[in-house]
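Reading through the structure tokens given below for one structure.
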Amino acid sequence: MANQRDVIIACDFKCADETIQFLDRLTRIRDEVISCDNYRIGTGRPFVKIGMELFYAEGPEMIKLLKKRGHKIFLDLKLHDIPNTVKKSMQVIGGYGVDMVNVHAAGGVRMMQAAKEGLMLGAARFADKPKLIAVTQLTSTDEETLHKELLIDRPMNEVVRQYALNAREAGLDGVVCSAFEAAEIHEVCGADFLTVTPGIRFVENTNDDQKRVMTPAQAKLAGSDYIVVGRPITAADRPIDAYTRCKEEFL
């Protein structure tokens, strides 16, 4: 069975105030905060991504705040360290009540297995367990960078495919990849193996620091399960219109 698609908004802001101002602007209303000890409650609000900048600035309180407001959260910290360190870190993260979190697949199968073990220990009190996915190659990495700087002599699609197979072997739920690789990953790892794809732009947008990009409509055709969209929504004059357009093109 294929996965249900969704749009994840990358809230790459420097502080909580900027994030909440954007989300209030996006929804056009200030909603009553939901008080609940279990921060995994949801009310149909946009799925959001918290990256390194915002998490390092605000810490776990940012997660609690967004959970109280009813948002699903993808915590994008891309852990990459020795297995024991990653396991202990993931155990802490598991207690936050996030819905999705990631590691770098380059850490290897043992590291990813340790990440899954730690995450499940930390999330034991939650009925719905967080999804754990692995970054294959950053969408800012192109073939030239892969070969000349990282000294990986295999083609990009082969590297991404192998990293995805390693993630599946480790028991992960899916990978972060370019939409260009989504179909092949589903082919080798199965339809239920998640493909979460950043590098999404509208046709009129510039690519910025992204190299391998697609539009929401193209990502849908390519087989992406989730698209992660930042600046095309967060920097838009009318974010609600941009978000709605993403949903209409992708879902």
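Just so it is clear, none of the values below were taken in a lab; they were calculated from the coordinates. All figures in this text were calculated on a predicted structure; none of them were measured in a lab. We place every Cβ from the backbone using ideal geometry, glycine too, and count neighbours over all the protein chains shown.
Given the DSSP H assignment, sum -39500 (n - 2.57) over each helix run of at least 4 residues in the chain and divide by its residue total; what's the result at 222 nm in deg cm²/dmol, nearest 500?
-12000 deg cm²/dmol
Please report C189, C177, C246, C11 as a ranked list, fewest other C-beta atoms within 10 angstrom at the top and most at the bottom.
Result, fewest neighbours first: C189, C246, C11, C177.
Calculate the dipole size of the chain relative to its Cα centre from +1 charges on Lys and Arg beta carbons and -1 charges on Asp and Glu beta carbons; express the result in debye to the nearest 20.
In debye, rounded to 20, the chain gives about 700.
Fewest to most neighbouring Cβ within 10 Å: what's the order for T215, T197?
The most exposed by this proxy come first: T215, T197.
Based only on other Cβ atoms within 10 Å, what is the fewest-to-most ordering of V213, V175?
Neighbour counts put them in this order, fewest first: V213, V175.
How big is the C-alpha Rg of the chain next to the rule-of-thumb value 2.2 N^0.38 Å, as a ratio?
Taking N as the residue count of the chain, the ratio is 0.97.
Shape verdict for the range 110-251, please, from the Cα gyration tensor: rounded (a/c under 1.5), prolate (a/b greater than b/c) or oblate.
oblate
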